[in-house]
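See below for the structure under consideration.
The values are calculated or read from the model by the stated rules, or taken from the named source; none is laboratory data. Please read all numbers here as calculations on a predicted model, not as lab measurements. Glycine also receives a Cβ, built like all others from the backbone with ideal geometry; neighbour counts cover every protein chain displayed. Remember, those area values only see protein heavy atoms, side chains included, never the ligands or the DNA or RNA. Shrake-Rupley method; radii C 1.70, N 1.55, O 1.52, S 1.80 Å.
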Amino acid sequence: MKVQIILAAAAFSIQVNAQNVVLNSLQDAQNRALSSNIQLQQSEINQKLARTDLHLTTAGYLPSINFTANSEYNLNLPVQLIPSEFFGGQPGTFQEARFGRDWNSTATFDFSQPILHADKFAQIKASKYAKEEVKFNQENQKQQILQRVSLQYLSVLVLQESLQLNRELDSTAMALYASTKARFDRQLVSQVDINRAENLMHQTKQQTLQIESNLKLAMVNLSVLLGISNSQALELKDKIANYQNDKNVVQLTENNLIQAANRPAVKAADQNILAAQWKYRQQTYSMFPKLSLNSRYSFASQGDTWLGNGSNNFDYGAVGINLSMPIFKGRSTAMNSKKALYQLENARLQKDQTLLNSSQELQEWQIRLSEKSAAQKLAARRDEMARQTLDLSLQNYDQGVISLDALFNIYNEYVAARNSFMQTSADAAVYSIYLSLSK
């Protein structure tokens with residue numbers, strides 16, 4: 001019985017662990033996003049659709065073979081009056097003649113090969129560039145998803161550190177209240193001091209509750225980005241301190257500055273222009289003559305029974321060149337060409353705007369990275385000094401050297417310095433990661 005209980009507990013433990021998703025680094029989160037993010041999976045399907053569209057347009061220029069078969073039974077055959085003298089009869093009289101037989105069956109093969117279809121050629125070229133556009137859009141979306149994952153992941157780490165800090169502050173505030181209460185009992189401080197110490201204890205507790213809530217929401221958002229269901233628990237075994245050193249910061253020099261024109265969004269816009277150019281040509285070329293090679297072979301059978309003995313069988317075929325040229329289509333061709341031209345102009349403007357936005361984004365990241373990298377060192381020193389000042393001030397307060405007001409100010413300075421250091425470190429890491437993903 002004990003063995004069964006142990007095995008059941010072990011199986012339950014394995015099942016619970018199997019439902020947990022443990023991430024040890026930002027790289028783990030990015031890899032998980034690449035394999036499980038739903039938007040990335042959709043973009044992969046879109047790329048397959050684009051390849052399929054290219055195959056479909058290419059198939060329009062390939063030869064086609066069609067087979068048709070037909071069999072009919074005539075309930076009433078048509079009858080025609082023919083002069084009797086054709087059959088040696090008396091002039092002026094007529095005889096009835098029935099045309100056809102009861103069963104008529106045919107089988108036909110049709111072959112067609114486009115020879116000169118300029119509009120189909122332009123359609124193939126447009127689909128080719130559209131496929132390339134989808135590929136670059138997928139790369140751009142991949143970068144954006146990884147940026148969001150990185151930002152959310154580091155936000156979770158900051159909140160985890162903040163929660164730990166605030167719980168330490170809860171303990172410190174409780175100790176401060178106990179110390180103030182002891183001094184109040186000895187009539188060394190006033191009721192105002194004891195009230196303020198209690199309010200500080202409640203304030204830090206409220207902050208802890210708020211951070212706990214924000215952390216849970218951040219974990220939910222990260223789980224969505226990583227494609228993790230509600231039945232799986234997400235756990236991050238990582239610290240923001242792992243991203244606070246210079247080795248994680250992209251060093252920008254003249255040789256590795258990221259060019260906006262090389263980013264996937266801009267390249268996708270370039271392919272969109274090329275696709276729009278060929279779509280415009282497709283509409284223009286639709287007014288050109290079309291030349292095709294066509295052939296047909298047919299087999300026919302007529303008889304009193306279906307494909308029976310005594311049926312008359314014969315076949316016939318033809319091979320020829322087909323030339324077609326549109327003359328007038330109610331101005332639809334001209335309007336479609338005009339519409340395609342407007343779409344081409346819009347694609348060019350969209351590319352210019354994309355290039356400007358990309359350049360602006362890169363400059364912002366580079367400027368922010370330089371700022372946050374420098375600020376991180378200052379924030380680290382500020383955090384260190386604030387921690388020392390708080391420790392000394394707590395001892396001085398216990399000894400009655402400083403007032404409660406002064407301790408409150410020092411306490412708030414420490415909280416601000418600590419949070420500033422963690423947030424600045426996360427910001428520097430975020431901008432560095434953004435630039436790394438864009439290289």
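Couplings for the range 129-136, taken from phi via the Karplus curve 6.51 cos²θ - 1.76 cosθ + 1.60 with θ = phi - 60°, read 6, 5, 5, 5, 4, 5, 4, 5 Hz in order; Gly and Pro are left as x. Gap in Å between the Cα centre of the range 265-300 and the Cα centre of the range 120-157? Their Cα centres are 26 Å away from one another. Eigenvalues of the alpha-carbon gyration tensor of the range 106-227, scaled by 5 and square-rooted, set the equivalent ellipsoid semi-axes at 72, 13, 9 angstrom, largest first. When the helix-only estimate is applied to the chain (DSSP H runs of n ≥ 4, each -39,500 (n - 2.57), divided by the residue count), what is the mean residue ellipticity at 222 nm, nearest 500 deg cm²/dmol? Per the formula, -23000 deg cm²/dmol. Placing a pseudo-label 7 Å from each Cα along the Cα-to-Cβ vector at V319 and S436 gives an inter-label distance of 6.6 nm.
Counting every pair of alpha carbons in the range 296-439, the share spaced more than 23 Å apart comes to 72 percent.
Using the crude model of +1 on Lys and Arg Cβ and -1 on Asp and Glu Cβ, and no other charge, please compute the dipole size for the chain relative to its Cα centre, in debye to 20. Each step should come with its number before you reach the end.
Values: 43 positive and 38 negative charges, 128 e Å.
That gives a dipole near 620 debye.
Ordered by 1.4 Å accessible area with all protein chains kept, M325, M201 run largest first as M325, M201.
Placing a label point 7 Å from the Cα of Q360 along the Cα-to-Cβ direction, the residues of the range 415-434 with a backbone N closer than 20 Å are 431, 434.
Taking 25 Å as R0, compute the FRET efficiency from the Cβ-Cβ separation of N409 and N24 and round it to 0.05. Result of the calculation: an efficiency of 0.05.
In whole percent, how big is the carbon plus sulfur part of the accessible area of the range 341-423, probe 1.4 Å, protein atoms only? Answer for the range 341-423 is 50 percent, counting heavy atoms of protein chains only.
P(r) for the range 389-439, from all Cα pairs and a bin width of 5 Å, is 5, 19, 18, 12, 10, 9, 8, 7, 6, 4, 2, 1 %, short bins first.
Given R₀ = 30 Å, FRET efficiency for Q388-Q164 by Cβ-Cβ distance, to 0.05? That pair, Q388 with Q164, gives E of 0.95. The chymotrypsin sites (Phe, Trp or Tyr not before Pro) of the range 57-133 meeting both criteria, a DSSP state outside H, G, I, E and B (loop) and at most 14 other C-beta atoms within 10 angstrom of the site's C-beta, are Y61, F99. With the whole protein complex present, K120 retains an accessible surface near 60 Å², based on a 1.4 Å probe.
Here r is the Cβ-Cβ distance between N346 and L49 and R0 is 30 Å; the resulting FRET efficiency, rounded to 0.05, is 0.85. When the chain is described by a simple charge dipole with +1 on each Lys and Arg Cβ and -1 on each Asp and Glu Cβ, the residue from N140, S127, N199 located farthest towards its positive end is S127. The dipole here belongs to the range 97-246: it is taken about the Cα centre, uses +1 on the Cβ of Lys and Arg and -1 on the Cβ of Asp and Glu, and is about 360 debye. Bridging of K351 to lysines at a Cα separation below 30 Å is possible for K48, K120, K125, K128, K131, K135, K142, K267, K279, K338, K339, K439, once same-chain residues fewer than 8 apart are set aside. Between L34, S150, L355, the Cα set farthest toward the positive side of the dipole of the chain (charges on each charged residue's Cβ, about the Cα centre) is that of L355. A convex hull fitted around the alpha carbon atoms of the range 64-139 yields 213 Å³ per residue. Once the mean of 1/r is taken over each pair of separate Cα atoms and inverted, the chain shows a Kirkwood hydrodynamic radius of 30.7 Å.
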